[in-house]
Structure formats: structure tokens, C-alpha cells
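Notes for the one structure printed next.
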Amino acid sequence: MYDALCQTCLVLVVAVVGVALAAPNPQEHYGPPQPSYQPEPTYKAAPHKEEPPKPYAFDYGVQDSYSGANFGHAENSDGKAITGSYQVALPDGRIQKVTYVADHYNGFQANVEYEGEAKYPENTPYKGSQPSYQPPQPSYRPQPSYSPPSYSAKEAEVETQQDVYSIDDPAPQEYL
């Protein structure tokens with residue numbers, strides 16, 4: 001009897017330990033990681049050094065007889081005021097010349113001049129050729145791959161109906 005009691009206690013202890021191990025552990029749960037707050041990096045702007053304006057000069061030009069391109073640009077600066085000019089050949093045959101001055105006191109001032117006279121081509125209506133469409137000719141003659149069905153239709157018998165009412169032509173009336 002003592003042996004059976006020990007076995008029962010052993011089974012009971014093993015069952016209780018098994019249930020205890022199978023129970024969920026409320027302390028172990030997943031969550032997002034805690035943010036780590038670090039101080040913001042400090043940025044310092046580079047020291048700005050005001051530089052005096054520097055004088056410059058440039059010019060370029062294009063004159064291509066094949067394409068008809070004709071333009072140019074020239075500009076000078078003494079550090080305070082900018083003077084320059086540019087020219088371009090317009091599609092109507094004239095040449096547009098612009099001279100300008102720009103400074104901090106007067107702003108941008110331009111003088112525009114045109115050389116030559118505008119010439120426009122004569123306007124003639126477009127006369128295109130008439131389309132000549134020929135439908136394509138097939139290089140083969142398609143043949144059906146089956147024989148067409150044949151039907152024997154009965155001729156329909158149609159009964160004509162006689163007029164039920166006859167109307168006599170009325171005699172003309174005499175008018176006074």
C-alpha cells in the first residue's frame with residue numbers, strides 16, 4: 001500500500017510540475033524596443049566671408065552659312081556694373097541687336113534695334129498628291145475546309161385574302 005501511495009504521489013507531482021511549466025509566463029512578452037534618445041548633433045554653419053565682386057569679360061559668336069545660325073553675345077563687368085550686347089538672326093531675315101547695362105542703382109536697361117527688313121515667303125496652299133490605294137491581292141485562293149451544308153426547304157403556301165369591303169367611286173358634285 002505504501003508503494004501504491006508513493007506512485008500516486010509521484011504521478012501527482014509530475015502532473016503539477018507539467019501544468020506549471022505549460023502555463024504562460026506573463027513576464028515574457030514581445031514589445032518594440034525602447035527608443036534610445038541621444039542628443040541632437042550640433043551643426044555650425046561655415047563662416048560666410050563676403051567677397052568683393054570680381055571683374056570679368058566674355059564673348060562668343062556663331063555664324064554658320066549652312067544652317068543659317070547667326071548669333072553672338074559679349075559681356076563685361078568691372079565689379080559694379082555689367083555692360084553687354086547680343087545679336088540673333090530672326091526667322092524673318094532681320095537681325096536683332098540688344099545692348100544692355102545692369103547695375104544696382106538703375107537695374108537692367110536694354111536697348112533693342114533691328115537691322116534689315118522682314119521678308120516672309122509667299123503663302124501658297126498645299127497641294128498634295130491624290131492617294132492611290134490598291135487593295136492587296138492575295139497570293140493564294142482560300143478554300144473552305146468543309147463542305148457547305150445543304151438544306152431542302154419546302155415552298156411556302158400563301159393564301160391571299162379577298163377585299164372584304166368595296167367602295168364605289170362617288171359621283172362628282174356640281175357646284176353653283
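The values are calculated or read from the model by the stated rules, or taken from the named source; none is laboratory data. Quick caveat, the model's predicted, so the values are computed rather than measured. Heads up, the Cβs are rebuilt from the backbone with ideal geometry, glycines too, and the neighbour counts pull from every protein chain shown.
Return yes or no: is VAL11 modelled with pLDDT of 85 or more and farther than 30 Å from VAL101 by Cβ? Spelling it out, VAL11 is indeed modelled with pLDDT of 85 or more and farther than 30 Å from VAL101 by Cβ. Exactly one residue out of LEU5, LEU12 is surrounded by 10 or more Cβ atoms within 10 Å (Cβ to Cβ) and either in a loop (DSSP other than H, G, I, E, B) or hydrophobic (A, V, I, L, M, F, W, C) (or both), and it is LEU12. The criterion of at least 2 residues that are within 30 Å of TYR60 (Cα to Cα) and touching a Gly at 6+ places or on another chain (Cβ under 8 Å) is met, among strands (runs of 3 or more DSSP E) falling completely within region 75-176, by 82-89, 95-103.
Within region 50-71, the residues that satisfy the criterion of being closer than 29 Å to ASP103 by Cβ, without any contact (Cβ under 8 Å) to a residue 24 or more places away in the chain and of a type outside the set (A, V, I, L, M, F, W, C) are GLU50, GLU51, TYR56, ASP59, TYR60, GLY61.
Scanning region 44-57 turns up one or more residues that are of a type outside the set (S, T, N, Q), within 45 Å of the chain's Cα centre (by Cα), at pLDDT 85 or above and not in a loop (DSSP other than H, G, I, E, B). Among the residues making up region 105-123, those that are surrounded by 10 or more Cβ atoms within 10 Å (Cβ to Cβ) and on the phi < 0 side of the Ramachandran plot are GLN109, ALA110, ASN111, GLU113, TYR114, GLU115, ALA118. Residues considered: ALA46, ALA15, ALA23. Of these, the only one that is under 30 Å from ASP78 (Cα atoms), out of contact with any Ser or Thr (no Cβ under 9 Å at 6 or more places or on another chain) and aliphatic (A, V, I, L, M) is ALA46.
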